[in-house]
There are 2 protein chains.
Amino acid sequence: MPLDLVEVTNSDGEVRGTSAPGYDPAAYPPFGVTVDVVIVTLDAGELKVLLVRRGEQPFAGEWAVPGGFKQPTETLDDAARRELQEETGVDAEALLVQLGAYGDPGRDPRMNVVTVAYLAVLRELGDIVPGSDAADASLHPVADVIRGRVSLAFDHERIVRDAIERIRRDLETTGLATAFVGPTFTLSELRAVYEAIWQVELDGANFRRKLVGEDGWVVATGKRSAPASEGGKPPELFRVGSAWKSGAPIRRPRRSARGLR
Amino acid sequence: MPLDLVEVTNSDGEVRGTSAPGYDPAAYPPFGVTVDVVIVTLDAGELKVLLVRRGEQPFAGEWAVPGGFKQPTETLDDAARRELQEETGVDAEALLVQLGAYGDPGRDPRMNVVTVAYLAVLRELGDIVPGSDAADASLHPVADVIRGRVSLAFDHERIVRDAIERIRRDLETTGLATAFVGPTFTLSELRAVYEAIWQVELDGANFRRKLVGEDGWVVATGKRSAPASEGGKPPELFRVGSAWKSGAPIRRPRRSARGLR
DNA sequence: GCAACTATTAGTCCTGTCGACCAATACAGC
DNA sequence: GCTGTATTGGTCGACAGGACTAATAGTTGC
């Protein structure tokens, strides 16, 4: 049943829609506005997304991107930050950008809902606590979602797909890569970010040459990390420089002979 | 007055919010959802934006970006296309992309409204007909808006600012530049797009060398255009090639000595 | 018809960037 | 101490791109 002839009333029963002069009440049907947050992290060299198993209708029992209704007293950004906080306990140090709005008719079978999707990139997720309305919460490889091996509620499959596309693009033009690593990191760790997301192989020597230049991409801390699993020279530890704020150091290889994998 | 305790009813008086099991009615306050379209074109070598003078409350008499309420039966993209059509008569051949959602509390003094902003780039606007709810409609230099010489209703100043920023960025990575020119164009026309938006000067010879290469940036039509105002050789006419679909030919000059203006 | 002018088009030089590759180094584990 | 591994430093060559000069092909004005 369509919701064309809907009026908005407040708790006093006053019809707010028609009482507002100059507005045609039929012209602004009410919508629910939700905020969904695609939480992405790098886990075991693989890009993963946090999904919750819905505990309520609609789509109860299915996997979905965490989210909730926006309150009139908060901004969209605030709502996204709140959802992220509720879901992961993480507050700051998370890159949180708006992806876009999704409002196809029927995307929520119950009512008119427009959702604003956000992308959050985290270095590491602590304990994942399912929210009050979720039965479960866990990390899933994005490859499984993109290839349809995990089907999601609503239009969340499309949202995740758009999120990954956004990540791949922003990696080339913004400082997004630094959101995947900690406050200090080795060049191998940072290089692994690019390699995992772009599915390419980058030459370690060239990577270093580009980042450890006169530009302020990375700043050496003087310390060294523990060596890798199979031994090897303990690598230098860096922290992010200021140059990331206005660009990215390396571009995505286009026609790479090596970057197959 | 806050709208916290609002219920949604349909024309039968049935309260739809509380009647949906599994939802907490207080959790999804109703919002109006509007779609605003930032319509941008190049006019007399200057970037301009289409603004309408509002004929109704709120902000009656002030300039604003054209827009309107989304209907539950249409997608967001459809709503944007409809608004563009209503405002300019243009349907296709317009680049129409979503900018983002804006939902700060109080952005509409009457009610909770979340707007989804779109960007439309047109080559040329025909007759501008003010919509039914607009008192006037005309093109304004974006510089006037950005520098605050024209103040806009709602948070539309921010929306326009974001739109211009998006244009500047997308010009570097997408085929956006071709949306500003017609089906056939001279290289000077195309170059003028970059120069107007980036506020730089590009060398005509280098510009040509990059675009008329083996890559399919532009395709010669064999025809020639009428010469410029003050005489000169009639330039070649080109049409867009296929390469624009997956990138842009030139990048924004960073530290240009010539690009001052 | 001719000169002056303008914008387009072609060609050259040179520098910086970047990929590919090789070699040296420094440490862990045995 | 030997071996293996990952980091680090260096070289070479291809290529793209900016600055610049020059030639070309038209129009406009006289």
Could you check the simple spin-label distance between B:Thr73 and B:Asp203, using points 7 Å along Cα→Cβ, in nm with one decimal? 5.9 nm
Sorted from largest down, give the three principal axis spans of the alpha carbons of the stretch A:32-169, whole angstrom values. 40, 34, 31
Excluding residues fewer than 8 positions from A:Lys233 in its own chain, the aspartates and glutamates with Cα under 15 Å of it are A:Glu189
Using Cα positions and a limit of under 17 Å, work out the lysines in reach of B:Lys210, with same-chain residues fewer than 8 apart set aside. B:Lys245
Of all the residues in chain A, which one has the C-beta that comes nearest the axis relating A to B, and what is the distance in Å? A:Pro30, 2
How many Å² of accessible area per residue for the stretch B:32-169, probe 1.4 Å? 40 Å²
Considering only protein heavy atoms and a probe of 1.4 Å, how much of the accessible area of the stretch B:32-169 is carbon and sulfur, as a whole percent? 42 percent
For A:Pro253, place a label point 7 Å from Cα along the Cα-to-Cβ direction in every copy; what are the distances to the other copies, in nm, shortest first? 3.2
Only protein chains counted, 1.4 angstrom probe. Which residues of the stretch B:102-118 are at least 50 Å² less accessible in the assembly than when their chain is isolated? B:Pro105, B:Arg110
For the pair A and B, how large is the buried accessible area, both sides, in square angstrom to the nearest 100, if the probe is 1.4 Å? 4200 Å²
Taking A:Gly204 in one copy and the same position in all the others, each labelled 7 Å out along Cα→Cβ, what are the pairwise distances from the first, in nm, shortest first? 5.2
Within a 10 angstrom radius of each residue's Cβ in A:31-42, how many Cβ atoms of other chains show up on average? Whole number is fine. 3
So, counting K/R as plus one and D/E as minus one, what does the shell of residues with Cβ under 10 Å around B:Phe154 add up to? -3
Roughly how many Å² of B:Ser151 are accessible to a 1.4 Å probe, to the nearest 10? 70 Å²
Measuring label to label, 7 Å along Cα→Cβ, what does B:Ser138 give against each other copy in nm, shortest first? 6.4
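The values are calculated or read from the model by the stated rules, or taken from the named source; none is laboratory data. Only a predicted model underlies this, so the values are computations on that prediction, with no experimental measurement involved. For neighbour counting, all protein chains shown are included, and Cβ atoms are generated from backbone atoms with ideal geometry for every residue, glycine included. Side chains are part of the model used for accessible areas, which takes the heavy atoms of the whole protein and leaves out ligands, DNA and RNA. Shrake-Rupley method; radii C 1.70, N 1.55, O 1.52, S 1.80 Å.
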